[in-house]
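First the structure, in the form of structure tokens, and then the observations on it.
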Amino acid sequence: MKKSKQKNLIKIFVVLAMVLYVIFGTDVIGEISLGFSEVSNEVNEAKRSLETSLKQDETLEVYFIDVGQADSILIKTGDDNMLIDAGNNEDGQKLVNYFKNLGIDTFDYVVATHPHEDHIGGMDDVINNFDINNYYMPNKISTTKTFEDVLDALESNNLNYEVPNVGDEFDLGSASLRVIYAGDDTNDDNDSSIIVKMTYGSNTFLFTGDATSNVEKQILNKDIKSDVLKVAHHGSNYSTTDEFLNKVNPKYAVISVGQNNSYNHPSTTTLDKLNKKNVKLYRTDLVGTIIFTSDGNNISVKTEKTNTNG
Ligand SMILES: [Zn+2]
């Protein structure tokens, strides 16, 4: 009796399952397979985004170009190029030649950090010789001839400038950039400097223009930690407070500065601070152009003398 009861129960279950299958079977099967394909789509998408976040064989190169007592930084990744500042007036044509020799014809982004001659001097030459997709400058007008030359060059090339906002993000190849600060300080042009942080894989770079400790204080609580710090204002003692340096906590620092300059930049105070924190320092006045290469995990540095300092 016991066995036949079990058999009956099994029969009932089998019949019930068949009925359920006939009524719902295809739907249930469809839903299960849909669920599977959604999961596999997500997996594929995650795989894809990992692959595209850093393309194979693509590297990032950051050139701190020797332009004497001035700044000019070229960023190259894949086919994309970006320029931060363009040296003094007399560096302009030399920079144009240098960029042409590197095969550059277009800049996806150009940032003029602030309107001082040692940052925008060669900008009119750059504007006149290359296609520029986006030109950023701070909301700070100057009455100097150098600044007017830049505005004239923008106008004659039908190029509009944009004033970026803090928090703006944009991509350069697989690198992502974020505007940390964009000032319109009315007293000090240096404090109008656009500050940008770049992330490439796990490597990070902070570009500070000539921002002083006044600005450093304002951005202390932002995400400014970076492997490489472009030391602000040519290493003067108006910038690079201990608090700021501790927050950025760089492994490498670059000072873009002219040999025997009349400002006595960089200051010994700034050099001491960097030294105390064991930051590996590179100076354009001592080694020429400094080129950082990143594969997203590791950074290597090489230096070379370039004919870029007018
Ligand atoms: Zn400067």
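Given the conditions (1) within 16 Å of the ligand (Cβ to nearest atom); (2) assigned to a loop (DSSP other than H, G, I, E, B); (3) modelled with pLDDT of 95 or more, report the number of the one that VAL254 does not fulfil.
The failed condition is (2).
More than 16 Å from the ligand (Cβ to nearest atom), touching a residue at least 24 places away in the same chain (Cβ under 8 Å) and among the aromatic types (Phe, Trp, Tyr), is that true of TYR161?
yes
Has segment 169-176 got any residue that is within 27 Å of ASN129 (Cβ to Cβ), away from the ligand (no atom under 16 Å from the Cβ) and either out of contact with any Phe, Trp or Tyr (no Cβ under 8 Å at 6 or more places or on another chain) or in a helix (DSSP H, G or I) (or both)?
Yes, segment 169-176 contains at least one residue that is within 27 Å of ASN129 (Cβ to Cβ), away from the ligand (no atom under 16 Å from the Cβ) and either out of contact with any Phe, Trp or Tyr (no Cβ under 8 Å at 6 or more places or on another chain) or in a helix (DSSP H, G or I) (or both).
Take the residues in segment 182-199 that are under 13 Å from the mean Cα position of the chain (by Cα) and more than 15 Å from LEU83 (Cβ to Cβ), then tell me which one is nearest to the ligand (Cβ to nearest atom).
Only one residue tops the list, namely ILE195.
Take the conditions within 20 Å of the chain's Cα centre (by Cα) and within 23 Å of MET137 (Cβ to Cβ) and apply them to ALA253. Does it pass?
no
In this structure, does GLU216 turn out to be within 16 Å of the ligand (Cβ to nearest atom) and part of a helix (DSSP H, G or I)?
Answer is yes for this residue.
Go over the candidates ASN128, ASN134 one by one and state the one that is within 21 Å of the chain's Cα centre (by Cα), at pLDDT 95 or above and either within 16 Å of the ligand (Cβ to nearest atom) or surrounded by fewer than 24 Cβ atoms within 10 Å (Cβ to Cβ) (or both).
ASN134
Pull up segment 228-246, narrow it to residues that are touching a Ser or Thr at 6+ places or on another chain (Cβ under 8 Å) and in a helix (DSSP H, G or I), then point me to the one that is surrounded by the fewest Cβ atoms within 10 Å (Cβ to Cβ).
Looking at the filtered set, the residue picked out is PHE244.
For residues in segment 54-103 being within 15 Å of the ligand (Cβ to nearest atom) and assigned to a strand (DSSP E or B), which is surrounded by the most Cβ atoms within 10 Å (Cβ to Cβ)?
PHE64
So GLU304 ticks every box in (1) exposed (fewer than 15 other Cβ atoms within 10 Å of the Cβ); (2) of a type in the set (Asp, Glu); (3) farther than 20 Å from GLY68 by Cα but one. Which box is left unticked?
With respect to (1) exposed (fewer than 15 other Cβ atoms within 10 Å of the Cβ); (2) of a type in the set (Asp, Glu); (3) farther than 20 Å from GLY68 by Cα, GLU304 is out only on (3).
Looking at HIS119, HIS114, which one is within 16 Å of the ligand (Cβ to nearest atom), assigned to a loop (DSSP other than H, G, I, E, B), under 16 Å from THR208 (Cα atoms) and at pLDDT 95 or above?
Of HIS119, HIS114, the one residue that is within 16 Å of the ligand (Cβ to nearest atom), assigned to a loop (DSSP other than H, G, I, E, B), under 16 Å from THR208 (Cα atoms) and at pLDDT 95 or above is HIS114.
The values are calculated or read from the model by the stated rules, or taken from the named source; none is laboratory data. As the structure is a computational prediction, the values presented were derived from the model and not from experiment. Methodologically, a virtual Cβ is constructed for each residue, glycine included, from the backbone with ideal geometry; neighbour enumeration extends over all protein chains shown.
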